[in-house]
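One structure below.
The values are calculated or read from the model by the stated rules, or taken from the named source; none is laboratory data. If you're wondering where the values come from, they're calculated on a predicted model, not measured in any experiment. With ideal geometry, Cβ positions are generated from the backbone for all residues, glycine too; neighbour counts draw on all protein chains shown.
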Amino acid sequence: MTKKSESILLQLRIIIAIILSICIFQCRSFADENKNIVALSDYLKNLRLLEAVQQTIAKQPDILLDEWQVKVNEGLWQIQRGTFNTTVSATASDVLTHTPLTRSARASNSTSESVSRVTGYTVDISKEFRSGVELTPDITMSSTEDLATNVHTTNFATVTFAIKIPLLRERGRAANAADETSAKILTESSRYDLNYTTSQSILTTVNEYWNTVAAMDNLEIAEKAESRAKYMLEQTKILVDAGEQPASDINKLAANLHGKTSSRINKTQELFEARQTLGLAMGLRFDEIVATPLPSEPLLDVDDADLNKIPIAQGLIDIGLERRADLIALKKEQESTNVLMVGAQKNLKPQLDFDLDVGYIGLTEDVRRQRNTRQYASAINSREAGLNFTAMFSLEWPVMNDFRRGTYLRRRALNERAIIDTNNLTRQIVSNIVVAMSDVIQSAAELKKAHESVLVYQTAVQKERLKLKLGESTIIDLIDVDDRLTTAMETEVSARLSYAKALVQLRFETGTILSPDLKNISVSMKELTTVPSAN
């Protein structure tokens, strides 16, 4: 071998060694990472149902968006209230004026200019009442001084009290304060929407929680089935080696084991997907969803004492129609649209207002120059002249009135739509409550039968194993009965899941997941795992 070939071979060996080192390092890193993931998963098998619900209330984006909408409506209500706020305005002025005199005036006054200073203060209050009446009291005070001679001061005070009374349009609270009343009702409606959205989110989280628990149970069933299949295969190999069973049984049991392993792998993926869905329902961040904790509570058993407390169908319907937050919110919206419709109807009338102004002008004069509060007060208190009086009727008659007629038609249509929505939701609630009530009863019965089926098949498997040892049965018969046991156990898990979901669904349909108190949103296990009561 030439030196050149040896050099190339040495380089190849070095490259191969580097590649192998990198691969070993990566494999160790991957293994360590997998160990960390498994350890994290084991550590987080502690999620309780109420903890999941509390996380949902605190983090679910749908709830946060509805909280934002409540704040928006509260701001709108405050804006509408501002229309009837009292407004106080004040001005102060000081004007100094130098006016040149004519030649003749200069000769008689021995000065070339006239100097005057006018100081004024104005205070007025404006208040519009929800009845449509407007009050505007006003006080204006001014003092004029002749600075050229410095011997004459004139103080004026004008006091006015004005009132405007609508006689047709915008008269009364229903016509003039409709927007404010509507905004207030919509704010209340949005709070009930928040309550309903919270109930929906809790329902979703509870269902996903139970789905995850069921996925854990199904995975455990698959693992036990795989263990039983592996044990049967190992025991059969021993018997085949001892010549007590035919070798063909090994192939059947090996195929059975492969099927059970495939099922276990599938159940593992189902559990992973259920955890992700639970994390989404809880409103976890994207980096928290992967490590969603595993539930720690088992699926529910049938509580006959609790089921006996279920009110009659009409009782549950009455509860639902009284407490369903979405129905209350729709009724509030209907009330809001009705307020706007009535206001628009009343404002179809022409504008006819009566304006009345009453007041007086006070005057004082002084040859001395003085600049203090007393000079203004003296003018207010010095009412030597009579009262000023102004009375006026003003009429505005829109010929076509298309704007207000169109406003009324639109608001009437919105009110009619709100009525239709309310009636439609009412009939849906009634139907859903009846279905949910039936589902609780039927799922409880199904669960009892499914549990009895598991007990029977467990006994059947034990008997089939004994018959196989006695030569009275075949390995195919044992595999078949064992498969039936696995199916029965999965059916029981499905029945438990249906029962747990049916309970919380009945709570949701009757509006009894959350307390009707809108200020304190709280929930307990009772509202999630028992039937609603008539009390």
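In table form, for the structure just shown:
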read-out: Flag for L284 being within 25 Å of T487 (Cβ to Cβ) and in contact (Cβ under 8 Å) with a residue 60 or more places away in the chain; value: no
read-out: Qualifying residue in the range 383-406 (condition: surrounded by 12 or more Cβ atoms within 10 Å (Cβ to Cβ), without any contact (Cβ under 8 Å) to a residue 40 or more places away in the chain and touching a Gly at 6+ places or on another chain (Cβ under 9 Å)); value: yes
read-out: The listed residue being crowded, with 21+ Cβ neighbours inside 10 Å and farther than 28 Å from A178 by Cβ, out of L278, L330; value: L278
read-out: Wholly enclosed helices (runs of 4 or more DSSP H) of the range 1-116 bearing at least 1 residues at pLDDT 90 or above; value: 49-59, 61-81
read-out: Single residue of the range 477-535 satisfying the filter (at pLDDT below 90 and β-branched (V, I, T)) that is nearest to T204 (Cα to Cα); value: V523
read-out: Residue pairs meeting the criteria (Cβ under 8 Å; at least 6 apart or on separate chains; first loosely packed, with under 15 Cβ neighbours inside 10 Å, in the range 229-246; second part of a helix (DSSP H, G or I)); value: P246/V240
read-out: Any chance Q276 is free of Cβ contacts under 8 Å to residues at least 24 places away in the same chain, in a helix (DSSP H, G or I), closer than 24 Å to T529 by Cα and of a type outside the set (D, E); value: yes
read-out: Residues of the range 413-456 satisfying the condition of being among the charged types (D, E, K, R) and closer than 30 Å to V339 by Cα; value: E416, R417, D421, R427
read-out: The one condition in (1) in contact (Cβ under 8 Å) with a residue 40 or more places away in the chain; (2) not assigned by TED's automatic domain parsing to the domain that holds Y192 that N520 fails to fulfil; value: (1)
read-out: T97 exposed (fewer than 15 other Cβ atoms within 10 Å of the Cβ), over 20 Å from T181 (Cβ atoms) and either among the aromatic types (F, W, Y) or in contact (Cβ under 8 Å) with a residue 24 or more places away in the chain (or both); value: no
read-out: Number of positions in the range 413-449 that are basic (K, R) and within 12 Å of L330 (Cβ to Cβ); value: 1
read-out: Set E464, E416, E472, E452: member being at pLDDT 90 or above, over 36 Å from the mean Cα position of the chain (by Cα) and over 30 Å from G315 (Cβ atoms); value: E452
read-out: K267 vs. criteria over 30 Å from D355 (Cα atoms) and not hydrophobic (A, V, I, L, M, F, W, C); value: yes
read-out: Which listed residue is small (G, A, S), within 40 Å of the chain's Cα centre (by Cα) and buried (at least 21 other Cβ atoms within 10 Å of the Cβ), from A178, A225; value: A178
read-out: Matching residues, the range 293-319, being part of a loop (DSSP other than H, G, I, E, B) and in contact with a Ser or Thr (Cβ under 8 Å, 6 or more places away or on another chain); value: L294, L300, D303, K309, P311
read-out: Residue within the range 170-180 that is over 30 Å from T510 (Cβ atoms) and basic (K, R) present; value: yes
read-out: Residue within the range 75-84 that is among the hydrophobic types (A, V, I, L, M, F, W, C) and either surrounded by 15 or more Cβ atoms within 10 Å (Cβ to Cβ) or more than 40 Å from the chain's Cα centre (by Cα) (or both) present; value: yes
read-out: Residue in the range 422-429 that is aliphatic (A, V, I, L, M), surrounded by 15 or more Cβ atoms within 10 Å (Cβ to Cβ) and at pLDDT 95 or above present; value: yes
read-out: Residue within the range 206-215 that is out of contact with any helix residue (DSSP H, G or I) (no Cβ under 7 Å at 6 or more places or on another chain) and aliphatic (A, V, I, L, M) present; value: yes
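Yes or no, residue by residue, for (1) among the polar types (S, T, N, Q); (2) loosely packed, with under 15 Cβ neighbours inside 10 Å; (3) touching a residue at least 12 places away in the same chain (Cβ under 8 Å):
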position: L49; (1), (2), (3): no, no, yes
position: I57; (1), (2), (3): no, no, yes
position: P61; (1), (2), (3): no, yes, yes
position: S89; (1), (2), (3): yes, yes, yes
position: V118; (1), (2), (3): no, no, yes
position: S126; (1), (2), (3): yes, no, yes
position: E134; (1), (2), (3): no, no, yes
